[in-house]
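Accompanying notes for the structure given below.
Rule-based calculations on the coordinates, nothing more; no lab input. From a predicted model like this one, the values you see are computed outputs, not experimental measurements. Heads up, the Cβs are rebuilt from the backbone with ideal geometry, glycines too, and the neighbour counts pull from every protein chain shown.
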Amino acid sequence: MRLDAETWDDKGRTVVELSGELDLFTAPVLRDVLLGLTGDGRYCLAVEMSGLRFLDSSGLGVLVGATKRAVAGGGGLCLVGAPQRMLKTLSITGLLRVMPAFTSLEDAFGWLDRLHASRGATHGAAGNGAPSVGN
């Protein structure tokens, strides 16, 4: 089992491209990548998942933790290109409400840009359109 995670930046947005399997054994790899990004102040994150073959609850936990950190930093995390079977799990668990999924990076970037603009204009204000993630 292997997980590859490559990151790149585009106009203040960070893309994390995943390939392989995200499970109990590989989740620490992604956790370290995402902790590094948010630790560096990068809070507008798009996780590209089209190369993922498998996702379990450990992987979901890492994504939820990263979402909480991104939102706390004034940004957000969205998913891109998730396979249909993963979208079904995300939908059933209600996680798509806090980690929206998009079919293209262009759409994800649009969401991140709108989120960043609304949080920048009303940072700290309730009802700013950003997802909230409970503890």
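The order of the peptides 69-79, 37-47, 55-65 by mean Cβ neighbours within 10 Å, most packed first, is 69-79, 37-47, 55-65. Per-residue 3J(HN,Hα) values for the range 27-43, derived from phi via the Karplus relation 6.51 cos²θ - 1.76 cosθ + 1.60 with θ = phi - 60°, read 4, x, 4, 5, 4, 5, 4, 5, 5, x, 5, 5, x, 8, x, 9, 10 Hz in sequence order (x marks Gly and Pro). Computed extension length for residue 50-residue 32: 4.4 nm, one decimal, from 0.36 nm per residue of separation with the Cα-Cα distance subtracted. Which percent, nearest 5, of DSSP beta bridges in the range 3-118 are antiparallel? So the antiparallel bridges in the range 3-118 amount to around 35 percent.
Once the mean of 1/r is taken over each pair of separate Cα atoms and inverted, the chain shows a Kirkwood hydrodynamic radius of 14.6 Å. Per-residue 3J(HN,Hα) values for the range 110-115, derived from phi via the Karplus relation 6.51 cos²θ - 1.76 cosθ + 1.60 with θ = phi - 60°, read x, 5, 4, 5, 5, 4 Hz in sequence order (x marks Gly and Pro). Taking H as built 1.01 Å from N, whose amide H comes closer than 5 Å to the amide H of residue 79, not counting residues under 5 places away? For residue 79, whose amide H was placed from the backbone, the distant partners under 5 Å are 47, 101, 102. Helical runs (DSSP H, four residues minimum) scored at -39500 (n - 2.57) apiece and divided by the length of the chain put the mean residue ellipticity at 222 nm at -13500 deg cm²/dmol. Note that the range 70-87 has calculated 3J(HN,Hα) couplings of 5, 5, 4, x, x, x, x, 10, 10, 10, 10, x, 5, x, 3, 5, 6, 4 Hz, one per residue in order, obtained from phi through the Karplus relation 6.51 cos²θ - 1.76 cosθ + 1.60 (θ = phi - 60°); glycine and proline are x. In this structure the amide hydrogen of residue 44, modeled in the peptide plane, comes within under 5 Å of the amide hydrogens of 14, 76, none closer than 5 places in sequence on its chain.
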